[in-house]
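Taking it in order: structure first as structure tokens, then the write-up.
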Amino acid sequence: MKKSLRKFLLDKGYQRIKLNRINTNHYEMKAKINGVEGSFILDTGASTSCVGFEAIETFNLVAKASEIKAAGAGAINMETQVSKGNKIRIGKWTKQRVALVLFNLDHVNTALTQHKAEPVHGIIGADILRKGKAVIDYDKSCLYLK
């Protein structure tokens, strides 16, 4: 008997999270940081998860100076800060003590709004995907985390 990917992963203890494909062909998803819901792009190519400077207070983040320079999505050498010890919840999946890079997301949100997509609070990157042993089902537009 053939088992579906969904049933297989749910049987293994994964949580299923629906993804929303937006006009830019990125996947947008909801996540809670420190109990506050926001909108995030799922980016497998981003090494670390990020939140925009303007959302520091929204998510109750404690920002510290960082030597890291951010690059990506057409921008390089951007100043960053870091916030450690955060709680993230995506669907029913939760992780404690998560570090987030904080930087100016204006270039990302400008690109989104130019394509008639809504701006986002941040990016869920490979660090969180690794922690959650992520499986992405592109056919069904969903993410599985364990």
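The values are calculated or read from the model by the stated rules, or taken from the named source; none is laboratory data. A quick note: this is a predicted structure, and the numbers were derived from the prediction, not measured. Cβ atoms come from the backbone with ideal geometry, glycine included; neighbour counts cover every protein chain shown. The protein model used for the area step is the full one, side chains on, heavy atoms only, and it has no ligands, DNA or RNA in it. Shrake-Rupley method; radii C 1.70, N 1.55, O 1.52, S 1.80 Å.
Counting only aspartates and glutamates at least 8 places from Lys12 when in the same chain, those with an alpha carbon closer than 17 Å to its own are Asp137. Considering only Ile123, Leu145, Ser66, whose Cα is most displaced toward the positive end of the charge dipole of the chain, charges sitting on Cβ of Lys, Arg (+1) and Asp, Glu (-1)? Final value for the positive-end residue is Leu145.
Per residue, the chain exposes 58 Å² of solvent-accessible protein surface, assessed with a 1.4 angstrom probe and all protein chains in place.
Of all the accessible heavy-atom surface of the chain, with the other protein chains kept in place and a 1.4 Å probe, what percent is carbon and sulfur? So the carbon and sulfur contribution to the accessible surface is 50 percent. Straight Cα distances below 16 angstrom link Lys7 to the lysines Lys18, Lys140, Lys146, with same-chain residues fewer than 8 positions distant left out.
Maximal additional length on extending the Ser66-Asp139 stretch stands at 22.5 nm, based on 0.36 nm per residue less the C-alpha distance. The alpha-carbon of Lys30 sits under 16 angstrom from the alpha-carbons of these aspartates and glutamates, leaving out residues fewer than 8 places away in its chain: Asp43, Glu118. Dipole magnitude for the chain: computed about the Cα centre from +1 point charges on Lys and Arg Cβ and -1 point charges on Asp and Glu Cβ, it is near 1160 debye. Using just its DSSP H runs of length 4 or more, each adding -39500 (n - 2.57), the chain gives a mean residue ellipticity at 222 nm of -4000 deg cm²/dmol after division by all residues.
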